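The values are calculated or read from the model by the stated rules, or taken from the named source; none is laboratory data. Because the structure is predicted, anything quoted here is derived from the model rather than measured. Virtual Cβ from ideal backbone geometry, glycine too; neighbours counted across all protein chains shown. In case anyone asks, the SASA skips ligands and DNA or RNA and just uses the protein heavy atoms, side chains included. Shrake-Rupley method; radii C 1.70, N 1.55, O 1.52, S 1.80 Å.
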Amino acid sequence: MAGLLGTSSSATSLLSCRSISSSPSSSKASIRALSFNPGQNQGRRLYGGIGVPVKKGKSHFSVSNVATEISPAQEQAQKLSKENQRPVYPFAAIVGQDEMKLCLLLNVIDPKIGGVMIMGDRGTGKSTTVRSLVDLLPEITVVAADPFNSDPEDPESMGMEVREKLMKGEKLPTLKTKINMVDLPLGATEDRVCGTIDIEKALTEGVKAFEPGLLAKANRGILYVDEVNLLDDHLVDVLLDSAASGWNTVEREGISISHPARFILIGSGNPEEGELRPQLLDRFGMHAQVGTVRDAELRVKIVEERARFDKNPKDFRETYTTDQGKLQDQISAARSLLPSVQIDHELRVKISKVCAELNVDGLRGDIVTNRAAKALAALKGRDQVTPEDIAVVIPNCLRHRLRKDPLESIDSGLLVSEKFYEVFS
């Protein structure tokens, strides 16, 4: 595993939009504004794909994205703010937990795997490992001043106004930015997660402003939920809908707004605090189990490394710069190689046979196993999937899909492995 990871120490509906230029006193943040236009004679308008009837002579809303140019001083302030952020423990410095690290890397290589659910004991580095992934995330191209991180090359992951500009033939200003990782706190409200419409502005200024939430920020990025098994059911349902459709729809005061919300969903939790509903578990592409390290020498090494990081985080991170760079290069190469990776038809049939004989509901298990095996082959620098690649990933892709009774515990993966070797002989 250490060689694999390259380090010795660790293994979006079209919406009619109109541009409004913002004044210098406007807010720096990008918002979506709904402004009143009286006297217009319109029959029907589309808001987030939902038709809103408009009576003759009555007011209607037009939706636009308000954003200001970022001055050099603001850019410098943002840079300083980034430099002064809390230091993150290097991914390459994490000792052990190879299964969890591999699942995370495969999801970075192919986000369409569908995320990973990490369950394990307290104090085993689940949150630390997930947050350390930030340094390894590759850069993506986004449309400048767009709150939804729209992809200028993919209309399906564009915000409404960006798609409108594209259809008009306008040139889209772009920039390179690292993939976002958004933390969803347990106490977050639905408005904070989905976004909300500011009614106060409607009363005082005659303007309704849609403020994007965490799902908008997480588009084309990672949404991390720590202690996901303690998350309120209504927020779980919101995440399920967005994860399944790739879109988030906000309905407030008779107005419906939709925006792209395609993200890698990563969750972590302690099984002692309760298991997840099977419907939510099935949405996670992979499942990783984390156990407490039992080897005394390894435990001492972990304690010493953590002490070094706590004493001087900057120096500690610098000692892993080379290893982190190798991992970044390996991930970038794997993402480039992934489209050319092939998997034989015979191996596909055997994967589906394993799923069928294990009574896995639906086809999500088949799809995820194929994707994960291809991502692993790409990580190893190969363009062909082997049975060994499938053997490594199939327990993580299927074991959380075997549960039928919510009171049953998740299989350790032994049953999946036995069936794999039986089918693949």
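Could you tell me which numbered condition residue 417 fails, if it satisfies all but one of (1) open to solvent by 50 Å² or more (accessible area, probe 1.4 Å); (2) of a type in the set (Ser, Thr, Tyr); (3) modelled with pLDDT under 95?
(1)
Evaluate region 166-180: report whether one residue or more is closer than 15 Å to residue 261 by Cβ, within 14 Å of the chain's Cα centre (by Cα) and open to solvent by 40 Å² or more (accessible area, probe 1.4 Å). So that I can check it myself, show each step before the final result.
First pass over region 166-180, keeping only residues closer than 15 Å to residue 261 by Cβ: 179-180.
Still in the running and within 14 Å of the chain's Cα centre (by Cα): 179-180.
Checking the rest, the ones that are also open to solvent by 40 Å² or more (accessible area, probe 1.4 Å) come to 180.
Yes, the conditions are met somewhere in region 166-180.
Evaluate the following for residue 308: is it exposed (fewer than 15 other Cβ atoms within 10 Å of the Cβ) and in contact with a helix residue (DSSP H, G or I) (Cβ under 8 Å, 6 or more places away or on another chain)?
Details: exposed (fewer than 15 other Cβ atoms within 10 Å of the Cβ): yes; in contact with a helix residue (DSSP H, G or I) (Cβ under 8 Å, 6 or more places away or on another chain): yes.
For residue 308, the condition - exposed (fewer than 15 other Cβ atoms within 10 Å of the Cβ) and in contact with a helix residue (DSSP H, G or I) (Cβ under 8 Å, 6 or more places away or on another chain) - is met.
Hey, among 297, 318, which residue is open to solvent by 80 Å² or more (accessible area, probe 1.4 Å), closer than 22 Å to residue 120 by Cβ, in a helix (DSSP H, G or I) and of a type in the set (Asp, Glu)? Working first, answer last.
Details: 318 fails: closer than 22 Å to residue 120 by Cβ.
Only one candidate qualifies: 297.
Go over the candidates 112, 126 one by one and state the one that is among the basic types (Lys, Arg) and farther than 23 Å from residue 364 by Cβ.
Values: 112 fails: farther than 23 Å from residue 364 by Cβ.
Residue meeting the stated conditions: 126.
Of the residues that sit in region 240-287 and are in a helix (DSSP H, G or I) and of a type in the set (Gly, Ala, Ser), which one is least open to solvent (accessible area, probe 1.4 Å)? Before you say what the answer is, go through the steps one by one.
Narrowing region 240-287 to residues in a helix (DSSP H, G or I): 240-245, 271-273, 278-281.
Then drop every residue that is not of a type in the set (Gly, Ala, Ser), which leaves 242-245.
Values: 242: 3, 243: 49, 244: 63, 245: 67 Å².
By that ranking, first place goes to 242.
Considering each residue of region 84-117, count those that are part of a helix (DSSP H, G or I), open to solvent by less than 10 Å² (accessible area, probe 1.4 Å), touching a strand residue (DSSP E or B) at 6+ places or on another chain (Cβ under 8 Å) and of a type outside the set (A, V, I, L, M, F, W, C), and give that number.
Of the residues in that region, 1 qualify.
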